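Below is one structure, written out as structure tokens; comments come after it.
Bear in mind that the values in this text are calculations on the coordinates, not laboratory data. Values in this document were obtained by computation on a predicted structure and should not be read as measured data. Glycine also receives a Cβ, built like all others from the backbone with ideal geometry; neighbour counts cover every protein chain displayed.
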Amino acid sequence: MTDRLVDTVALVTGASSGIGEATALALAAEGATVAIAARRRDRLEAVAARIGDDSRVLVLETDVTDPDQARAMVDRAVAECGRLDTVINNAGVMLLGPIVDAPLEEWQQMVHLNVLGLLYTTHAALPHLLAAAERDPRRVADIVNVSSVAGRVARQGSGVYNATKFGVGAFSESLRQEVTRKHVRVSIIEPGAVLTELASHNRPEVLKNILATFGDFERMQAEDIAEAIVFTVTRPRHVTVNEVLIRPTEQER
């Protein structure tokens, strides 16, 4: 363990697997106390066991698409951990396919989780982050919104997913301008293809197309993205990494 985040508290949503799990472990390794949130308690408890120190991890079974649950998640993290310095808005879902005749419930699920869940969490967390930015030990706070290369490049077959991730980028930049002089840093991380369970939630015919597109080259690991997130939140107080685009070397677009 290093000490770059000792005496700080981080909240990670979507922490039960993939990028969220890897990020929670990486932040804990930097000395942070980590509040880990997701819907799957059993998976969260497994992540907590990997962190290994009950005094530095808090399990928060939460559905961030419910604004009351999102607020309760933040309030409990602050109440039990004492403060909130870092928020990693990682919870998200990617349901691809043609726009014509698409199941509306897939669109609704993406908007609710990728956009509204992020907004609810951020709204609840901001007062605490602004307070942390005025306090030792670091006198700076961080919001990291996990977006996607889909937040930069619109493609056929991912229109609504593109819309949610473009929205994350727009919201992040507006918020950055609002709070940056108060030393709350707002960053977006935009991964390309990562080897996680994200794609597995798609319908079989869509999953087949995804594997045909991204299955012929070496995808990134969740730990690669977690490393970028740790780099972002451990910069000196006067430095903000606003945007990081990360692709597998062989991914063309």
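Remarks
- Among the candidates Gly97, Gly92, Gly151, Gly117, the residue that is touching a Phe, Trp or Tyr at 6+ places or on another chain (Cβ under 6 Å), crowded, with 16+ Cβ neighbours inside 10 Å and not aliphatic (A, V, I, L, M) is uniquely Gly151.
- Only one of Gln177, Gln156 that is outside any strand (DSSP E or B) and under 23 Å from Val206 (Cα atoms): Gln156
Conditions tested, residue by residue: (1) farther than 24 Å from His183 by Cα; (2) more than 19 Å from the chain's Cα centre (by Cα).
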{"position": "Val9", "(1), (2)": "no, no"}
{"position": "Val12", "(1), (2)": "no, no"}
{"position": "Thr23", "(1), (2)": "no, no"}
{"position": "Leu27", "(1), (2)": "no, no"}
{"position": "Asp53", "(1), (2)": "yes, yes"}
{"position": "Gly82", "(1), (2)": "no, yes"}
{"position": "Trp107", "(1), (2)": "yes, yes"}
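- Among the conditions (1) crowded, with 19+ Cβ neighbours inside 10 Å; (2) more than 30 Å from Ala102 (Cβ to Cβ); (3) charged (D, E, K, R), the only one that Asp224 does not satisfy is (1).
- Considering Thr213, Thr232, the condition of being surrounded by 20 or more Cβ atoms within 10 Å (Cβ to Cβ) and hydroxyl-bearing (Ser, Thr, Tyr) is satisfied by Thr232 alone.
- Single residue of the range 82-114 satisfying the filter (in a helix (DSSP H, G or I) and in contact with a Lys or Arg (Cβ under 9 Å, 6 or more places away or on another chain)) that is nearest to Leu207 (Cα to Cα): Glu106
- Of all residues in the range 190-246, those satisfying the criterion of being among the charged types (D, E, K, R) and closer than 15 Å to Ala22 by Cα are Glu197, Glu223, Asp224, Glu227.
- Of the residues making up the range 68-118, those that are among the aliphatic types (A, V, I, L, M) and free of Cβ contacts under 8 Å to residues at least 24 places away in the same chain are Ala72, Ala79, Val100, Leu104.
- Total residues in the range 124-133, condition surrounded by fewer than 19 Cβ atoms within 10 Å (Cβ to Cβ) and either touching a residue at least 12 places away in the same chain (Cβ under 8 Å) or under 21 Å from Thr23 (Cβ atoms) (or both): 2
- Count of the range 198-220 residues which are touching a helix residue (DSSP H, G or I) at 6+ places or on another chain (Cβ under 8 Å) and either in contact (Cβ under 8 Å) with a residue 40 or more places away in the chain or outside any helix (DSSP H, G or I) (or both): 4
- The set of residues from the range 132-153 being among the aliphatic types (A, V, I, L, M) and not in a strand (DSSP E or B) comprises Ala132, Ala133, Val140, Val149, Ala150, Val153.
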